[in-house]
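Trainee: Once you've had a glance at the structure underneath, I'll fire off some questions.
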Amino acid sequence: IQYLSVLLSLVAVTTAIDIRLISNSNCNGGVLVSCCNMNPNKCCGVNNAAFRSVQYTAIPTNWNVQTRSYEGGNCNILRGLLGPQHSGTVCMNEADCVARLTGGSYNFSNKKRGAFNAEDCRPDLLGLADGTTYVVKDLDTDLFDELVCNLAAIEFLY
């Protein structure tokens with residue numbers, strides 16, 4: 001039994017959370033960009049487009065996770081902070097439905113720490129409203145920025 005508890009604790013350490021920036025409110029559909037398997041204190045963000053909601057998935061329900069949403073490009077300006085929800089999925093969104101969110105991150109709320117600065121990471125997946133998903137981690141930065149900006153702009157026309 002002792003070995004089983006050690007093994008289970010190692011599995012929990014290797015679990016990471018997916019962070020998605022989504023064009024629609026309440027994390028429902030639309031265009032999205034996603035950072036898969038994000039570690040704590042890493043920012044999933046973009047500089048040139050804004051979204052209405054940020055979704056955090058694959059959260060172990062026994063983790064005391066604090067989720068954060070940002071505006072102003074990547075994780076520049078803290079917009080929202082949500083304490084532990086003990087849910088596998090958390091959605092943070094703009095109540096007024098204005099697209100202003102540019103990044104998301106998380107950390108463990110039971111860890112004492114000073115000022116919070118998340119290291120920027122670029123999304124590795126792009127999802128379209130029809131459910132089609134593309135791996136974009138190897139795209140040139142300028143091409144990625146242009147693609148995300150154009151798709152977000154088109155999405156907000158409807």
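Trainee: Rg and Dmax of the stretch 17-158 over Cα atoms: what are they, in angstrom?
Mentor: In order Rg, Dmax, the Cα atoms of the stretch 17-158 give 14.0, 44 Å.
Trainee: A further question on this structure: State the answer as a single residue: which of 78, 56, 107 lies farthest towards the positive end of the charge dipole of the stretch 17-155, with beta carbon charges of +1 for Lys and Arg and -1 for Asp and Glu, about the Cα centre.
Mentor: 107
Trainee: May I ask you to sort 19, 59 by Cβ crowding, counting other Cβ atoms within 10 Å and putting the fewest first?
Mentor: Working: 19 30, 59 21.
Neighbour counts put them in this order, fewest first: 59, 19.
Trainee: Expected output is a single nm value to one decimal: the length gained when fully extending between residue 58 and residue 138, i.e. 0.36 nm times separation in residues minus the C-alpha distance. What is it?
Mentor: Values: separation 80, 0.36 × 80 = 28.80 nm, distance 2.37 nm.
That works out to 26.4 nm of additional length.
Trainee: Where nothing but the Cβ of Lys and Arg (+1) and of Asp and Glu (-1) is charged, how large is the charge dipole of the stretch 17-155 around its Cα centre, in debye to the nearest 20? Don't skip to the answer; put the middle values down first.
Mentor: Values: 11 positive and 14 negative charges, 161 e Å.
It works out to roughly 780 debye.
Trainee: Same structure again: Towards the positive end of the charge dipole of the stretch 17-155, with charges on Cβ (+1 Lys, Arg; -1 Asp, Glu), say which of 149, 25, 91 has the farthest Cα.
Mentor: 91
Quick note: the coordinates plus some simple rules give every number you see, no bench work behind them. Since the model is a prediction, treat every value here as computed from it, not as a measurement. Positions of Cβ are generated from backbone atoms using ideal geometry, with glycine treated the same way; all protein chains shown enter the neighbour counts.
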